[in-house]
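Quick notes on the structure that follows.
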Amino acid sequence: MAEVLEAGEIHFFFRPRVEEGSPAGLGDVQQFLVVLVPRGTGRFRLLRVGRKRLPDAARHERVWAYVEAAGTDPAAVRPRLLASVYDTATRGTRHQPPARPVGEGVYALLRGDRDTQLAYLLATPAEPGPVQRELNVTAEARLIVSARNPEAPTPRDVGLSPGRRPELPADLQARFGTRRWAPVDPPALLDIEGVELLFIAVAAALDPALTGALEAEERRGGDVDVFDRLRLDRDAHPIVPLLAGDWA
């Protein structure tokens, strides 16, 4: 089995479109979010994933993402999950619904020969439902994950604007050399807001050793409640998608 760089909890959320109180499919989703809580670090990371779902290995898909928020307290990521109200000049007051949890489990970031991979094992829901199938949150998965060199030139209108790309510490920037993309090694790259990522789904199933390691991680973490972990109001975030796998 590849070397484990870090392991911890993984939580999946979707945020409905503005003014959408009863989402019923991917067309009603505005954002797909992944929260990583690496064990033993006291850190919290929120990734926003493009295409509003994880990549499909059968289609050889690649999905862009970026680190939207990171910090040493749940408060670093919680505001991105809350409902909000704002005013517009043309449409008046608009309501952005809160994010809804759709899955939680454990993950491991693995060092391979030429890449890094994010493997996860879903704990809740016990069986993926319609919501998870549309967001491609499967019971288990392995994803190659790479980080974009923020100093490398990119085509116009691709990824984050230059002003939103981070200036990395010298030691992390040196990891890229002249490459446009590099493995997420060390994982500290995921602690920097604005770091852009590329996810590529791997068709192969998790090997028994990795599955065993993830199951051991799950036992080590115990029964983690996403609401307690991120200090979210239980009454504000509908949990049917998480518990039953249904949209509502």
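Computed from the coordinates by the stated procedures, all read-outs in this text should not be read as laboratory data. The model shown is predicted, which means the values in this text are computed figures rather than measured ones. Cβ sites come from the backbone with ideal geometry, for glycine too, and all protein chains shown count toward neighbours.
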Net lengthening on full extension, Arg180/Glu167 (0.36 nm per residue, minus Cα-Cα): 3.2 nm
Note, ³J(HN,Hα) from phi for segment 60-69, Karplus 6.51, -1.76, 1.60, rounded to Hz, x at Gly and Pro: 6, 7, 10, 10, 7, 8, 7, 7, 8, 8
Around Ala205: net Lys/Arg minus Asp/Glu count, Cβ-Cβ under 13 Å: -1
Volume per residue of the C-alpha convex hull in segment 1-51, rounded to whole Å³: 119 Å³
Thr116 long-range amide H proximity, modeled H, under 5 Å: Val145, Val184
Global geometry of segment 73-161, whether rounded, prolate or oblate, following the gyration tensor of its Cα atoms and the 1.5 cut on a/c: oblate
Volume per residue that the Cα convex hull of the chain spans, once the total is divided by residue count, Å³: 140 Å³
For segment 213-234 versus segment 64-104, the gap between their alpha-carbon centres in whole angstrom: 21 Å
Shape category assigned to segment 1-100 from the gyration tensor of Cα positions, a/c cut at 1.5: oblate
Cα-Cα pairs of segment 126-175 separated by more than 11 Å (percent): 78 percent
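Could you work out the per residue convex hull volume over the alpha carbons of segment 184-248, in cubic angstrom? If you can, show how the numbers build up before the last one.
Details: hull volume 12.9 nm³, N = 65.
So the per-residue hull volume is 199 Å³.
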